[in-house]
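*Asks:* Sending over a structure as structure tokens; questions will come in a sec.
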Amino acid sequence: MSSSIKTLARYIAYISVAVIVFVSIVMIMNYIQIKKYEPIQGHSIDKLVEKLQASPDDKELREQIRVVDLLSRKAYFTSNWQIKSGGFIILVFIVLFLISIKIYTSKESIESGKSEKLDHFWFIKSKERKWLFISVGILSLVALFLSFNTRKYYTDFTTYVAKSEESKEVTESSTKEIQSTLEQTSTQTTDTASSTEVNKEGATVTSNHIPTEAELKANYPSFRGAFGLGVCYAANTPTQWDGALGKNVIWKKPLDLPGLNSPILWGDFLFIAGANETKRKVYCFDRLKGTSKWTKDVTNIPGSPKSVPKVSNETGFSASGLVTNGELVFAIFATGDLICLNYKGEQVWAKNMGMPDNHYGYSSSLQVYKDKLIIQYDDNKSRKIIALSTSTGKEIWNTSRLGSISWSSPIIVSKGNTAEIIVNNTPYVASYDAETGKENWKTNCLSGEIGPSPAYSNGLVFAANEYAKLLALKDGKVVWEGYDDLPDASSPVAYNDLLFMTNSYGTIVCMNAKDGSVYWKKEFDNGFYGSPVIADGKLYVIDRSGQTIIIGKATLGEKSDCTPAFAKGTVYIRGAKNLFCIGSK
């Protein structure tokens, strides 16, 4: 082996040691800093919140809390990068170091001459060399352990402003501004829920039922309504209630299992799901009376894993929204268990989709298109859009996608006899043919960990994510971009020529959907995780304390991170403990 190769190997070994030491020190310092200051759980922000409770009108203090909250979230993304990238860099350079040392200290070099081997550290300082290996090894192992241990500081995000006292009523001027903006663009819709033919069990009479667009719009069949677009066609939706006092609460029912999925509705049926580490259930209620029709324990699913995945508190084991076609209801859980039930609560089919490798927990909601159940199945190993037969569960098509994991949900854009499925994941917004799964277009435009789903109106697709940007796309081409007040968990909603966005910092912004100009922006005390919905010409969004921002405010009386569901004259909201039906008594 030539001396030049050995010299190169020696320098590579030097550089590898330097990189390992540097990255290890950075990762250890990151741990020490977080351990010392605990940006998410620190006492300093708690003290700020206590001050805000005493002085709720202090705008500077409120802004200071928002800034601290923002910095803590940025620290989260920085830590994630260090965990993933830093650990990978250390492992790569350890391998490179060992290979370089192997080459440089090969037998040939030892036999090449006493003068060379006696002149170099690697040959004459065996004890020192051993301790160098041990020191670098210990340093890198400590760095990896402590860096991964920092994850415990980021398992439960809370918008700290939400700890303050209940916010004051929206000012009269703000009320008029929101109302006038919506009224200018609202169009009349007809509530046709009563036209849906159902049998005595509540299922449509037609076998292998394919719901029409009119049926879907007349009901609330999925997360954020028909096609997942966040626009509801029910009339006379309520605007005033108080869950704690019982004002306009028609019924309230506790759920024995937690979940972040929102209720869905068809006819007089309400469906919702819950799960924990050991149990998974689908609940069915009479949406008018609040009485339980049935509860289905989801057990003995073919292929279900013996152990459950690790999930964050912000996601849990039942975050994905259910979907129904008017005859069958479908639910999926963090374990990958997927079940199809009829309206009597009887299992029609079930399967496991493979336990998701997802560091927060699986949360994409289901959709239905004609006879197909649409599943966005993203994890760290693969990204897929899958269509299964609604009646049998058999795979119709399965399309692999490029990019990284996401937590968003698909939307469906109807186009005559066919439709597009629009999905987000880093770095793409992409469109797929709903009949075949074939890709129509994709645009490289997003970054970060994607939680918000796309929105659609009047030929434009809207996609946004915190630390990235907001884009309006037409057939995959960028029409305009925006960079302010971006959502981090909630999804935008488009309504005629208006675009609404909310975020966990408590901001609601209304924009011109055609060009991205801002009509108005309002800041509220509590952040938003649930997505905004348009119903009866009004904007509804629930903040993290359980208040629903409409034109004024309506209070739930308990925390909620979910999205409301609507039927004629009523709204249904999942709180932290109870399921509420709200309307005029």
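*Asks:* For residue 369, which sequence-distant residues (separation of 5 or more, or a different chain) have an amide H within less than 5 Å of its own amide H, given hydrogens modelled in the peptide plane?
*Replies:* Close amide H contacts, sequence-distant or interchain: 374.
*Asks:* What relative contact order, as a whole-number percentage, does the stretch 172-579 give when Cα pairs under 8 Å and 6 or more residues apart are counted?
*Replies:* Values: 1139 pairs, mean separation 61.8, N = 408.
Once divided by the residue count of the stretch 172-579, the mean separation gives 15 percent.
*Asks:* So how long is each side of the stretch 172-579 along the principal axes, counting just the alpha-carbon atoms, biggest first, in Å?
*Replies:* So the three principal-axis extents are 55, 48, 41 Å.
*Asks:* If you take every DSSP beta bridge fully contained in the stretch 172-579, what fraction is antiparallel? Give it as a percent rounded to 5.
*Replies:* Values: 100 of 104 bridges.
In the stretch 172-579, approximately 95 percent of DSSP beta bridges are antiparallel ones.
*Asks:* What's the percent breakdown of Cα-Cα distances in the stretch 299-425 across 10 Å bins, shortest bin first?
*Replies:* P(r) over the stretch 299-425, rounded to whole percents: 13, 46, 34, 7, 0.
*Asks:* Still on this model: Mind putting together the pair-distance distribution for the stretch 202-293? All Cα pairs, 5 Å bins, whole percent per bin, short to long.
*Replies:* 3, 11, 17, 21, 23, 15, 7, 3, 1
*Asks:* Sorted by packing (mean other beta-carbon atoms within 10 Å per residue), highest first, where do 341-354, 524-537 land? Each step should come with its number before you reach the end.
*Replies:* Working: 341-354: 16.8, 524-537: 24.4.
Descending mean neighbour count gives 524-537, 341-354.
*Asks:* Using Cα centres only, tell me the gap between the stretch 396-429 and the stretch 516-566 in whole Å.
*Replies:* Cα centres, the stretch 396-429 to the stretch 516-566: 26 Å.
*Asks:* Which entries of 289/568; 281/559; 514/538; 351/577; 370/394 have Cα-Cα distances beyond 26 Å here?
*Replies:* Working: 289/568 14 Å; 281/559 22 Å; 514/538 20 Å; 351/577 29 Å; 370/394 15 Å.
Distance filter (> 26 Å) returns 351/577.
*Asks:* Within 11 Å, Cβ to Cβ, of residue 390, how many net charges do the neighbouring residues add up to if Lys/Arg are +1 and Asp/Glu are -1? Display every interim value, and only then the final one.
*Replies:* Numbers: positive: 370, 372, 394; negative: 327, 371.
Residues near residue 390 contribute +1 overall.
*Asks:* Sort 217-229, 404-416 by packing, meaning the average of other beta carbons within 10 Å per residue, with the highest value first. Don't skip to the end; give the middle numbers.
*Replies:* On the way: 217-229: 26.7, 404-416: 20.0.
Highest mean packing first, the order is 217-229, 404-416.
*Asks:* Continuing with the same structure: Please give, to one decimal in nm, the separation of the simple spin-label points placed at residue 279 and residue 92, each 7 Å out from Cα toward the Cβ.
*Replies:* For the pair residue 279/residue 92, the computed spacing is 4.8 nm.
*Asks:* Something else now. Work through the residues other than residue 354 whose Cβ is under 11 Å from its Cβ and net out their charges, Lys, Arg +1 and Asp, Glu -1. Present the calculation step by step, with values, prior to reporting the outcome.
*Replies:* Details: positive: 351, 381, 384; negative: 337, 357, 379.
Counting the neighbours of residue 354, the net charge comes to 0.
None of the figures in this text is laboratory data; all of them are computed from the coordinates on show. What you are looking at is a predicted structure, and each value in this text was computed from that prediction instead of being measured. With ideal geometry, Cβ positions are generated from the backbone for all residues, glycine too; neighbour counts draw on all protein chains shown.
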